[in-house]
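Student: Take this structure, written in structure tokens, and hold onto it; I'll ask about it next.
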Amino acid sequence: MRQMIDVFSENVRLDELGSRLIVRGLVLGVLGTGAALAFSMLVRQDQFERFAWAYLLNFAFVVSLGLGALFWTLVQHVTRAGWSVVVRRLLEGVAAGTLTLAVVLVLPLLAMIPRLYFWADPETRAADPLLAHKLDWLSYGAVSARLVAYVLIWAAMALWLHRTSVAQDESGDPQLTLRLERHSAWMLFVFALTVTFASFDLLMSLDAHWFSTIFGVYYFSGCALGSMALLAVLAFWVQRRGRISHAITVEHYHDIGKLTFGFVVFWAYIAFSQYMLIWYANLPEETAWMIRRQQAPWVWVSLVLIFGHFFVPFLGLLSRVPKRQPAVLAAFGVYLLAMHWIDLFWLVMPEFGRHGHGAHAGPWFSVIDLLLLIGLGGFAVAAVAHRLRGAALVPLRDPRLPESLTFENA
Amino acid sequence: MGGQRRLWGLYVRLDEVPELIDAAEVVRDAGYTRWDCHTPFPVHGLNEAMGLRLTRLPLVVFAAGAVGAIAGLAMQWWMNAVDYPLIISGKPFFSLPANIPIVFEMTILFAAITAFVGMLAFNGLPRHHHPLFAVDEFRAATDDKFFIVIEADDPRFDENAARQLLGRFGEVREVWE
């Protein structure tokens, strides 16, 4: 029998650690973004062509982690989950931090639309018969308006979930839990629709001739997996820094590990489902997208994903042992976040330089991609640290907190 | 009923979970191996108190899953590429993407059946009868009482020693074959 832990005797606040993280995140953000700008201006001299693509890639990466955290928060409320209460505030912080940041980050993206999407090019629009019936949906105004709407909806949902939960720390009102549960149900529908269409608009329309109805689910699987991996890393990190050292136990890591493992399989299942239907039907406008990724150099990235994004974590996390070793699980978390980034890289970059920018085509990898990962990642760290610093790291007066503190896997 | 009745084991009845945990630790430390706790609901921490090892079932299931995957692949290779080659949608006779769903299903099938049968094999179920069922009082094990039973065929079983050990926790009673 596990003894109940007294959370109020624990260090549940980031305090100066959070402030330091905000400063470091901002410094990394400015340095990374500045270096990316300088590199694309001075070395590549391609009028920010690659910069725009790297920006899209890393925007999709940062936002995916926030969306995954939003999804997991909603699911905990809808299922009235008891086990997860001690880690839920971390998810709420990641969602609120990155998704409010996305409201700002989306603005430069709107300006970059003409550099990213060939459907935005007036000549292509006039001449391309395959685009003719998509012109209303894929127009500069329509896509911009939708992108802004998506990020506003996400930020509003994430902020409301975070604020309501934090308000309960003060009032201890169990009605707030019921309200969170009630509203999470319809929010999940909104989440599913907005994520699906955002993935269509942001990523799938890079090759506007191509289409895959499962594409939204594919992007979602990366969101859910990436944010669960991030949660393992984040929980391990705050505990290493002496915060909530007793409230999160091996039992919680075990469950985080199970969900991570489950979504490793889910990602592979969806990726293969998408591949196999296209491979089997063998229709020209569908296969082109896959064939690009089966030729050098992209075939190597594809193989890295098959083995590194599926087989390695599948075999590595299959057993009970690694899931109950917080350090091992956190290491897998870092590894899976890297794989998730490569997965998005694989979605975005094979389309770079294919349409109308012949002079700027290739290379398949640029240092700008990583510089902007540091840049946007740094801003995201600062935004999340800001949310986490503003409240306790655990929902102190959640009615299910005792259940979570004494939780054990059978 | 005539004939000889042979002692099957000794049991003691307990009322509370903490008593059960304490008693289980004592029986564990006394070195018994053929003994068990019966509770009306799952008791966290009892595994450790009883000193139960983790089951080896996962290893067997993993092996069965691997065998299923290989069998699924080999079956399709034999059927499609060797025994009865048919051109389907212009694809190669032996083409991995088309085979993966079957490989997946065979992996699950072998692993799931092995998990189910292996679980029954390891825990010795199903069985039609158990000597404890003859004890009226044992019905409370599904209601609100806890039982610790030491079987007479435990290699370390000595009736007097076992009586003394269990006697520390309550009144010791016999179970007959």
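The values are calculated or read from the model by the stated rules, or taken from the named source; none is laboratory data. Just so it is clear, the model here is predicted, and its values are computed rather than measured. Reconstructed Cβ throughout: ideal geometry from the backbone, glycine too, with neighbour counts over all protein chains shown.
Student: Identify, by number, the condition in (1) without any contact (Cβ under 8 Å) to a residue 60 or more places away in the chain; (2) within 18 Å of the chain's Cα centre (by Cα); (3) more than 11 Å from chain A (Cβ to nearest Cβ) that B:Met79 doesn't meet.
Tutor: So B:Met79 meets the others, but not (2).
Student: With respect to A:Val148, determine if the residue is farther than 26 Å from A:Val381 by Cβ, touching a residue at least 12 places away in the same chain (Cβ under 8 Å) and β-branched (Val, Ile, Thr).
Tutor: Here the answer is no, as A:Val148 does not meet what is asked.
Student: Which of the following residues is at pLDDT 95 or above and either within 12 Å of chain A (Cβ to nearest Cβ) or in contact with a strand residue (DSSP E or B) (Cβ under 6 Å, 6 or more places away or on another chain) (or both): B:Gly72, B:Gly65?
Tutor: B:Gly65
Student: Moving on to the next point. When you go through (1) away from every other protein chain (no Cβ under 14 Å); (2) basic (Lys, Arg); (3) in a loop (DSSP other than H, G, I, E, B) one by one for B:Arg13, which number turns out not to apply?
Tutor: (3)
Student: State whether one or more residues within the range A:364-376 are closer than 25 Å to A:Leu65 by Cα, surrounded by fewer than 22 Cβ atoms within 10 Å (Cβ to Cβ), in contact (Cβ under 8 Å) with a residue 24 or more places away in the chain and within 16 Å of the chain's Cα centre (by Cα).
Tutor: Looking through the range A:364-376, at least one residue is closer than 25 Å to A:Leu65 by Cα, surrounded by fewer than 22 Cβ atoms within 10 Å (Cβ to Cβ), in contact (Cβ under 8 Å) with a residue 24 or more places away in the chain and within 16 Å of the chain's Cα centre (by Cα).
Student: If you go through the range B:60-116 one residue at a time, how many are assigned to a loop (DSSP other than H, G, I, E, B) and either over 21 Å from A:Leu277 (Cα atoms) or out of contact with any Pro (no Cβ under 7 Å at 6 or more places or on another chain) (or both)?
Tutor: Total meeting the criteria: 11.
Student: Please state which one of A:Thr79, A:Thr33 is in contact (Cβ under 8 Å) with a residue 60 or more places away in the chain and polar (S, T, N, Q).
Tutor: A:Thr33
Student: Okay, moving on. Mind counting the residues in the range A:252-285 that are among the polar types (S, T, N, Q) and touching a residue at least 60 places away in the same chain (Cβ under 8 Å)?
Tutor: 2
Student: On the given criteria, is A:Leu99 in a helix (DSSP H, G or I) and either without any contact (Cβ under 8 Å) to a residue 24 or more places away in the chain or farther than 19 Å from A:Tyr219 by Cα (or both)?
Tutor: When the stated conditions are applied, A:Leu99 does not pass them.
Student: Here's a follow-up. Give the residue, chosen from A:Val384, A:Val348, that is touching a Phe, Trp or Tyr at 6+ places or on another chain (Cβ under 9 Å) and in a helix (DSSP H, G or I).
Tutor: Result of the check over A:Val384, A:Val348: A:Val348.
Student: Going by what's in this entry, would A:Ser221 be described as surrounded by fewer than 19 Cβ atoms within 10 Å (Cβ to Cβ) and more than 14 Å from chain B (Cβ to nearest Cβ)?
Tutor: Criteria not met by A:Ser221.
Student: Looking only at the range B:94-117, which residues are buried (at least 18 other Cβ atoms within 10 Å of the Cβ) and away from chain A (no Cβ under 14 Å)?
Tutor: B:Met106, B:Phe110, B:Thr114, listed by residue number.
Student: Sticking with this one: Can you find a residue that is closer than 24 Å to B:Gly118 by Cα and not acidic (Asp, Glu) anywhere in the range B:23-33?
Tutor: yes
Student: In addition: Could you pull out every one of the helices (runs of 4 or more DSSP H) wholly within the range A:109-222 that has 1 or more residues that are touching a helix residue (DSSP H, G or I) at 6+ places or on another chain (Cβ under 6 Å) and within 29 Å of A:Val265 (Cα to Cα)?
Tutor: Here the list reads A:140-171, A:174-202.
Student: Then there is this: Going by the structure shown, is A:Ala81 at pLDDT 95 or above and under 17 Å from A:Leu373 (Cβ atoms)?
Tutor: no
Student: Something else: With respect to A:Met276, determine if the residue is within 12 Å of chain B (Cβ to nearest Cβ) and either closer than 18 Å to A:Phe345 by Cα or of a type in the set (Asp, Glu) (or both).
Tutor: Taking the combined requirement at face value, the residue does not satisfy it.
Student: Then there's this: For the range A:395-406, which residues satisfy the criterion of being under 21 Å from A:Asn11 (Cβ atoms) and either among the hydrophobic types (A, V, I, L, M, F, W, C) or under 28 Å from the mean Cα position of the chain (by Cα) (or both)?
Tutor: Listed by number, the residues that qualify are A:Pro395, A:Leu396, A:Asp398, A:Leu401, A:Ser404, A:Leu405.
Student: Another question about this same structure. Answer yes or no: is there a residue in the range B:25-47 that is surrounded by 17 or more Cβ atoms within 10 Å (Cβ to Cβ), at the interface with chain A (Cβ under 10 Å from one of its Cβ atoms) and not in a loop (DSSP other than H, G, I, E, B).
Tutor: yes
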